[in-house]
Structures are given as C-alpha cells and as structure tokens.
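S.K.: Here it is, the structure in full.
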C-alpha cells in the first residue's frame, strides 16, 4: 500500500504546516463521532460525444461508464479515506456493519462504490453495497435528484426558478459571453485544433432560458462551453494527450460558471439536492441521538463512516444550498467537482455535549488523476468556506443544519423516508479503458 499523506491546503496557508504534515481538521471541536463522504463517481467515458468538434472514441467503454483507470483511482481514494479517518479518531471497520456504503443506480456510481470498498478493505465484496431496491430499466433514486420523485417535481416553482437563474447569470443575459470573453478565447484555442475550420466558435449562438421539468436553465454558449469543458477534462484525466494548463483552467471556469448559474443558484439546488441534504442531516442526527428528526434513515449506529456514491450534481446542489465553496489547488478551479471529488461531513461532540459538523472537500490533483498513484503531496483535503460565515471556513452546529433541513422538508422538497434499498449484487460489465489511454508511471515512496 502506498504511503498516503493528508495535506490540508487551508491550514498549510494559515499556520505554515511543513510539507507533508498530517493535520487534524477540527481539533478544537471535541470527539469525532461519525463522518459522511458524499463523493462523485470516478473517471467515466463521455455520456455522448459533443457535436461539431473531433473527440476521441472511448470504445470499448460504454457511454457514461466508469473506466478501469477510474476504478483504480477510486481504490486509491478508498485507501485514503480509511487512513484519514483513522488519523482523526474514526477507525473504519470492514466487519459487517462497520461502514455504510450507498450508491446511485448508474454503472459508474455502483462501480465507484465497489472501488471504495476494495481500496479501504482489500476486496470489493468486503462490505455490502447498498442501492435502491428498484433496479428496473426506468428506475431512478430520488435521493440523488429530487426531480425523480413526482411529489418533489410537483412542488417546483418555475417562476422562482427563472428569477434565480436571471439573478445568477446577470443582465443582460446576452452579455454573458462578453463578460467572460477571455476564458472563451482561451478555451477556443484548445478547440480550434479539433476542427477542420468550418465549426462554429464555442461562443456562438443565442443565450436564452429554457424550462425543463419545471426548472429554468440558461442555454446557449455557456451551456455548450460547459459540456465541451467537462468532456475535455474527462479525456485529460483518462490520460489523453496533455493540454495547456491555462487554457484547461479557462475551460473549467466556464464549466463552473454554468453550474453556478443553473445548479448553484438560489432555487434549483433545493429541488435537486434538498432530499439528499435532508437525509445526510438525518444520518448525522441519528448518530447524535436525536429522536425527532424530520426524515427516517437507515440504522447504521455501528458504523463510523457512510460513503454515498453519486454525481457532481449532488456536490453542486449541496454547495448551493449551504453556500459552500472549496478552493482547489494544483491548477484546478475553485468550486469544481473533479472525478472522485467529495464533500466530507464530520460530526464532533464537544465536552459539553454540543454537536458540530466540520466540512472539507477531498480531491485528487490532475497529475494524480493521470497517473493513478498517490503522489508525495498526498490526496488534497481543503477546508470548505461558507457564505453565512462571511466566506470563511467555519463549523456548523448540527442544529443549524437541522434548521436548513427542516425548511427543505416543510417546502415539500424532501421525502420523509430513505429510498427503499437492497444490497443484492447486480450484474457487472467488464471494466475497460479506451485504447488511447497511456497513464504516466508516477510512484511515491515504496510504490506498490
């Protein structure tokens, strides 16, 4: 097993910890009780190739599936979490009931859950992999997107959603390209080499607001740029040809901008992510002994950690609900959600019995994503800042999170019960990489 080092970027900057030091993120909060890791899946193939420009063929990997490379990366993170949790006083057990793992129904999220289990415990079957009991072809788990439940979808206020998009995008809407002209120009420099000269610029087209499932969303150049940027990043993380870092950063700023407008605005996050946040709070409350939580959750009282394998959709939505931000180093963009990125909720009990929640964001650098190895810098763990704390990192009382959850439930944007779940094994497709994958052989002290 490789040596895994936790680097807390915010603490390094503020107190000058030596390179490679392990920092407890919340030593003053008391005794750690429980942690929830809400993670995005690992590196996947394109769900569909973006139009117009030339993009690589990901076969034999099916559209939207986790790659073998992505699986390896997630096993590294599984090992990291076990080491990290132990370092803060939450030893993870691989015995039955020692940890709770739950995944969305997509292949990439299920395989990510298996990879985390394998990395932490040595075998992908060491712990049950829980998921929605309904696995039919049309099945969807509303824990991961509230719009998948008709009750929540029926509560959507389209007018409020539209107003939130306009407020986030700024006016006039058509001026968004001009307001971000430098990033569009840098991104275009990457795309130009993929086009025979007849393709429209990524900044071309009209900006408008469309409504889908009752939610308003901005469409046009910023939406196109976001799709292309995400595809380019996935290709790069899958060990495709390296690209200019400054131009890639410009592309990802446009990607994050689209999330800020459509998914982290003042309304949409509550619809898409409210059900998830309410149940995360429910899990924290159960571990704190709260008996009157607004929602029901599984009894996982014997576990010190819960892993929830989802998508960037959930990370973006919870960031929007909480007004949370994470500054990513190593050339990555603030508030981005790279493959395998995760929000960590750690519950602490003070000596006086007060429960508080520490938030952190874990991610692998682009260099790590391209090598599938833990580099000397370790997995990056950065503090989460909150708008309600004046843009500073702070730890929220559990009661404050319960207030936010209660408001979501009262508005009809969360279900009272956890999705009916099962740990039945599901068929696995063979994992593969596209034939153009050539990851660098970067190792750390000791290697494998």
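The values are calculated or read from the model by the stated rules, or taken from the named source; none is laboratory data. Model, not experiment: these values are computed from the prediction. Neighbour counts are summed over all protein chains in view; Cβ atoms, including those assigned to glycine, are modelled from backbone coordinates with ideal geometry.
S.K.: Looking at (1) touching a strand residue (DSSP E or B) at 6+ places or on another chain (Cβ under 6 Å); (2) within 21 Å of residue 168 (Cα to Cα), which is the one condition that is false for residue 264?
M.R.: Here residue 264 meets the rest and fails (1).
S.K.: Could you tell me which numbered condition residue 302 fails, if it satisfies all but one of (1) at pLDDT 95 or above; (2) surrounded by fewer than 22 Cβ atoms within 10 Å (Cβ to Cβ); (3) closer than 24 Å to residue 129 by Cα; (4) over 20 Å from the mean Cα position of the chain (by Cα)?
M.R.: (1) is the only condition that residue 302 fails.
S.K.: Going by the structure shown, is residue 215 under 22 Å from the mean Cα position of the chain (by Cα), at pLDDT 95 or above and either over 25 Å from residue 279 (Cα atoms) or assigned by TED's automatic domain parsing to the domain that holds residue 432 (or both)?
M.R.: In short, no.
S.K.: Please go through the stretch 406-416 and give me each residue that is on the phi < 0 side of the Ramachandran plot and either surrounded by 20 or more Cβ atoms within 10 Å (Cβ to Cβ) or touching a helix residue (DSSP H, G or I) at 6+ places or on another chain (Cβ under 9 Å) (or both), ordered by number.
M.R.: 406, 407, 408, 409, 411, 413, 414, 415, 416
S.K.: Here's something else I'd like to know. Failed condition for residue 266, given (1) under 23 Å from residue 81 (Cβ atoms); (2) surrounded by fewer than 24 Cβ atoms within 10 Å (Cβ to Cβ), with all others met?
M.R.: The number of the failed condition is (1).
S.K.: For residue 225, indicate whether it is more than 30 Å from residue 109 (Cα to Cα) and part of a helix (DSSP H, G or I).
M.R.: Judged against the criteria, residue 225 is not a match.
S.K.: Which is in the same structural domain as residue 124 (by TED's automatic domain parsing), over 18 Å from the mean Cα position of the chain (by Cα), at pLDDT 95 or above and surrounded by 15 or more Cβ atoms within 10 Å (Cβ to Cβ), of 337, 421?
M.R.: Going through 337, 421 in turn, just one is in the same structural domain as residue 124 (by TED's automatic domain parsing), over 18 Å from the mean Cα position of the chain (by Cα), at pLDDT 95 or above and surrounded by 15 or more Cβ atoms within 10 Å (Cβ to Cβ): 421.
S.K.: Another question, then. Across the stretch 229-249, which residue is farthest from residue 435 (Cα to Cα) among those that are surrounded by 24 or more Cβ atoms within 10 Å (Cβ to Cβ) and over 17 Å from the mean Cα position of the chain (by Cα)?
M.R.: Per the criteria, the residue is 232.
S.K.: Now a separate question. Which of the numbered conditions does residue 190 fail, given that it passes all the others? Conditions: (1) buried (at least 19 other Cβ atoms within 10 Å of the Cβ); (2) modelled with pLDDT under 95; (3) closer than 19 Å to residue 260 by Cβ.
M.R.: With respect to (1) buried (at least 19 other Cβ atoms within 10 Å of the Cβ); (2) modelled with pLDDT under 95; (3) closer than 19 Å to residue 260 by Cβ, residue 190 is out only on (3).
S.K.: What do you reckon, is residue 255 over 22 Å from residue 163 (Cα atoms), crowded, with 19+ Cβ neighbours inside 10 Å and touching a residue at least 40 places away in the same chain (Cβ under 8 Å)?
M.R.: No; evaluated as a whole, the condition is false for this residue.
S.K.: Scan 407, 395 and give me the residue that is closer than 21 Å to residue 295 by Cα and more than 19 Å from the chain's Cα centre (by Cα).
M.R.: It is 407.
S.K.: Find the residue count for the stretch 359-371, including only residues that are touching a helix residue (DSSP H, G or I) at 6+ places or on another chain (Cβ under 6 Å) and surrounded by fewer than 23 Cβ atoms within 10 Å (Cβ to Cβ).
M.R.: Here the count works out to 0.
S.K.: Can you name the condition, by its number, that residue 111 falls short on among (1) at pLDDT 90 or above; (2) outside any helix (DSSP H, G or I); (3) over 25 Å from residue 382 (Cα atoms)?
M.R.: It fails just one condition, (2).
S.K.: Conditions first: (1) outside any loop (DSSP other than H, G, I, E, B); (2) at pLDDT 95 or above; (3) in contact with a strand residue (DSSP E or B) (Cβ under 6 Å, 6 or more places away or on another chain). Residue 84 passes all but one, so which condition is the exception?
M.R.: (2)
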